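As structure tokens, the structure follows; a few thoughts come after it.
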Amino acid sequence: MLLEPDQILTEAIVETVFSGSSLLIKMNRNTKVLALKYRPQTFEDLIGQDVVAETISNSIKANKVPNAYLFTGIRGIGKTTTARIVAKSLNCLNGIDNLCKDDLCENCIAISNSNHIDVLEMDAASKTGVDDIRDLIEFSRYGPTTAKYKIFIIDEVHMLSKQAFNALLKTLEEPPEYLKFIFATTEIKKIPITVVSRCQRFDLSRIKSLELFNFIKKIKDKENGNASDDALKLIVKISEGSVRDALSLLDRALLTLDKHKELDLISVQKIFGYFDKSQLINLFELIFKGKETEVLNTYREIYNQGVEPKIFINDFLELLYYFKNIESLNIDGTNFSLNDEEFNRIKSISEKIDNETLILFWQFTIKVLEELDIVSNQHLSMEMFLIRLIHLKSIKNTSDTIYEGSQHTNEGAFQTSLSQKKDDEDLLGIKNTAETIGQMKNIVQEKNVKLKDNKKAEAQSNVINSFDDLLEVCSFRKEIKLKYELEKNVNLVSFEDQRIEISFNEDLDKDFIKDLSLKLYEWTNNRWIITLSKTKGQPSKKEKEVNLKKELIDNVKNSLIYQNILDKFPDAELVDVNPNERENKND
């Protein structure tokens with residue numbers, strides 16, 4: 001027969017009786033994992049949640065306790081722990097001012113062990129239905145047995161069904177005085193607003209890097225662990241502000257190595273599959289030097305350390321962010337991602353890299369993340385990604401590709417984005433050994449060239465001094481319909497300053513006069529007078545073209561060459577004539 005223990009805290013004694021003899025087993029608290037062993041028991045033990053702790057303490061002291069608390073935030077920052085502390089604060093036999101810390105009262109012991117009869121902890125992930133909530137409501141009708149308040153702690157409350165939330169609304173809004181609800185969730189948006197509005201909401205924030213570092217360093221000392229500060233900083237970075245994650249990683253790291261060996265940064269990188277940032281900075285620098293072989297060898301070294309491609313890509317994006325924004329950051333604000341040497345090195349290199357290249361690299365790298373989901377061999381995809389970056393960096397700066405006038409040259413050697421004023425050296429003072437693979441422009445460069453041409457054309461479009469100018473402006477403004485009417489259905493009588501006299505044929509659009517007047521005012525900021533004349537006027541643009549073509553055909557038909565052709569090919573018929581434009585060159 002096995003007797004249940006009353007409690008397991010600092011130590012527990014379990015009495016077993018086997019074959020008429022009793023056996024005492026002493027269980028030490030050291031068997032617990034660090035995340036449970038050092039779980040906060042009071043508000044003073046909480047880290048990073050000072051505002052929440054102070055607000056709740058003041059409300060309890062002022063006897064203004066809300067019907068329900070709602071704690072939300074990422075995993076491992078103390079939502080359930082805070083819920084238990086609140087439950088202990090409400091039911092501690094010594095009161096909130098003398099809350100148990102070391103020598104716990106009966107209520108605090110039972111709540112810490114999750115076996116208090118008046119404090120019910122429920123996991124909404126396993127009990128999501130409306131029937132579970134109905135049982136809870138039925139149980140709430142009875143007052144507390146030994147404590148002041150009956151408290152329901154519902155973890156992952158967002159997992160409850162819609163019907164379960166609806167069943168809870170009335171009780172949540174007007175519960176008995178002795179009943180309190182405490183909800184915890186990581187998905188606040190999944191909770192109906194009708195429930196959120198009935199709770200006092202607290203958003204628990206991520207733990208700051210420095211605060212979390214000091215916390216796990218104290219625990220490392222208590223556990224007599226041998227770990228360097230750099231190793232602990234990497235653990236803090238990987239945990240992303242979660243205390244539970246940080247303690248779990250520390251627990252694993254301390255158990256991996258012998259106690260007599262120090263847990264250094266390299267060891268932690270191997271344990272958790274992370275690599276040294278200096279390797280990535282070297283890789284980034286080699287990309288801009290165009291050294292394909294060295295880039296691939298460096299990446300393969302990183303890959304052989306057990307680094308997954310997606311982790312590599314995310315670290316690469318992080319490094320791009322630092323290169324872009326290093327001037328606005330400080331070492332303390334980089335979440336322990338960089339040490340002093342790496343920080344200063346990035347800051348030095350970033351001064352020689354233009355922002356357009358970094359943004360282009362960022363967009364290109366984001367696309368590769370999508371590619372990794374559809375490629376079976378991600379390692380090969382990563383190598384091709386780095387090769388593409390090497391060629392991508394060879395695109396010249398936008399400022400180097402815009403030339404004055406309309407002539408552009410296809411000649412010239414490539415310069416890297418790190419290139420200095422010298423053509424044969426980059427900004428690091430290293431000659432670029434990457435071979436030129438051909439002149440090309442990126443999208444941004446072409447847009448800038450087009451933008452410059454467009455600005456010139458736009459400035460010229462404000463001046464309309466002739467009918468031909470009007471047709472050119474219509475082409476530039478993409479007013480195709482208006483241009484068609486002007487060319488085919490309009491006969492110009494006279495064209496003067498802000499005055500046009502025309503005649504037209506029966507095919508002219510009925511809204512032509514109105515549309516042309518509006519566009520002229522829009523383009524020139526002047527009102528134009530358009531009058532209709534009975535005079536035939538000049539032939540339309542299309543008529544001129546037809547007449548010219550007819551004249552050319554007639555001239556050719558009268559030529560000796562055409563007559564010779566007809567002699568040899570009697571069935572030949574002249575259909576079209578394309579005159580050759582010859583430039584007279586004066587030597």
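The values are calculated or read from the model by the stated rules, or taken from the named source; none is laboratory data. All figures in this text were calculated on a predicted structure; none of them were measured in a lab. Heads up, the Cβs are rebuilt from the backbone with ideal geometry, glycines too, and the neighbour counts pull from every protein chain shown.
Scanning for something buried (at least 20 other Cβ atoms within 10 Å of the Cβ) and either touching a Pro at 6+ places or on another chain (Cβ under 8 Å) or over 21 Å from THR72 (Cβ atoms) (or both), does the range 156-169 turn up at least one residue?
Within the range 156-169, one or more residues are buried (at least 20 other Cβ atoms within 10 Å of the Cβ) and either touching a Pro at 6+ places or on another chain (Cβ under 8 Å) or over 21 Å from THR72 (Cβ atoms) (or both).
Specify which of the listed residues (ASP102, ASP97, ASP123) is surrounded by fewer than 16 Cβ atoms within 10 Å (Cβ to Cβ), without any contact (Cβ under 8 Å) to a residue 24 or more places away in the chain and closer than 30 Å to LYS208 by Cβ.
Details: ASP97 fails: without any contact (Cβ under 8 Å) to a residue 24 or more places away in the chain; ASP123 fails: without any contact (Cβ under 8 Å) to a residue 24 or more places away in the chain.
Criteria check complete, one pass: ASP102.
Out of curiosity, is ASP509 assigned by TED's automatic domain parsing to the domain that holds SER475, more than 18 Å from SER466 (Cβ to Cβ) and not aliphatic (A, V, I, L, M)? Step through it out loud before you land on a result.
Numbers: assigned by TED's automatic domain parsing to the domain that holds SER475: yes; more than 18 Å from SER466 (Cβ to Cβ): yes; not aliphatic (A, V, I, L, M): yes.
Considered against the rule, which asks whether it is assigned by TED's automatic domain parsing to the domain that holds SER475, more than 18 Å from SER466 (Cβ to Cβ) and not aliphatic (A, V, I, L, M), ASP509 comes out as yes.
Considering only the range 465-556, give the strands (runs of 3 or more DSSP E) lying wholly within it that have at least 3 residues that are crowded, with 17+ Cβ neighbours inside 10 Å. Talk me through it step by step, then tell me what you get.
Working: elements: 490-496, 499-504, 529-532.
Here the list reads 490-496, 499-504.
For the range 167-188, what are the residues that are assigned to a helix (DSSP H, G or I) and in contact with a helix residue (DSSP H, G or I) (Cβ under 8 Å, 6 or more places away or on another chain)? Walk me through it before giving the result.
Taking the range 167-188 as the starting set, the residues that turn out to be assigned to a helix (DSSP H, G or I) are 167-173, 188.
ALA167, LEU168, LEU169, THR171, LEU172, ILE188, listed by residue number.
What number of residues in the range 115-152 are hydrophobic (A, V, I, L, M, F, W, C) and either in a loop (DSSP other than H, G, I, E, B) or farther than 15 Å from LYS180 by Cβ (or both)? Step through it out loud before you land on a result.
Here is the first cut: in the range 115-152, the residues hydrophobic (A, V, I, L, M, F, W, C) are 117, 119-120, 122, 124-125, 130, 133, 136-137, 139, 147, 151-152.
Narrowing the set further to residues that are either in a loop (DSSP other than H, G, I, E, B) or farther than 15 Å from LYS180 by Cβ (or both) leaves 117, 124-125, 130, 133, 147.
So the count comes out to 6.
Take the range 280-295 and flag every residue that is more than 27 Å from the chain's Cα centre (by Cα) and not polar (S, T, N, Q). If you could, list the steps in order and put the result at the bottom.
Our first condition is that a residue be more than 27 Å from the chain's Cα centre (by Cα); within the range 280-295, this holds for 289-294.
Scanning the range 280-295 gives LYS289, GLY290, LYS291, GLU292, GLU294.
Residue by residue, here is whether (1) free of Cβ contacts under 8 Å to residues at least 12 places away in the same chain; (2) among the aromatic types (Phe, Trp, Tyr); (3) over 24 Å from ASN377 (Cα atoms); (4) not assigned by TED's automatic domain parsing to the domain that holds HIS379 holds:
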{"position": "ALA246", "(1), (2), (3), (4)": "no, no, yes, yes"}
{"position": "LEU254", "(1), (2), (3), (4)": "no, no, yes, yes"}
{"position": "GLU262", "(1), (2), (3), (4)": "no, no, yes, yes"}
{"position": "SER267", "(1), (2), (3), (4)": "no, no, yes, yes"}
{"position": "ILE281", "(1), (2), (3), (4)": "no, no, yes, no"}
{"position": "LYS289", "(1), (2), (3), (4)": "no, no, yes, no"}
{"position": "THR293", "(1), (2), (3), (4)": "yes, no, no, no"}
{"position": "TYR303", "(1), (2), (3), (4)": "no, yes, no, no"}
{"position": "PRO309", "(1), (2), (3), (4)": "no, no, no, no"}
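Among the numbered criteria (1) in contact with a Lys or Arg (Cβ under 9 Å, 6 or more places away or on another chain); (2) of a type in the set (S, T, N, Q); (3) more than 28 Å from GLN49 (Cβ to Cβ), which one does SER242 miss?
Answer for SER242: the failing condition is (3).
Conditions (1) of a type in the set (S, T, N, Q); (2) over 25 Å from ILE207 (Cα atoms); (3) in contact (Cβ under 8 Å) with a residue 60 or more places away in the chain, marked per residue:
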position	(1), (2), (3)
GLY78	no, no, yes
ILE85	no, no, no
ASN107	yes, yes, no
ASP131	no, yes, no
LEU136	no, yes, no
GLU156	no, no, no
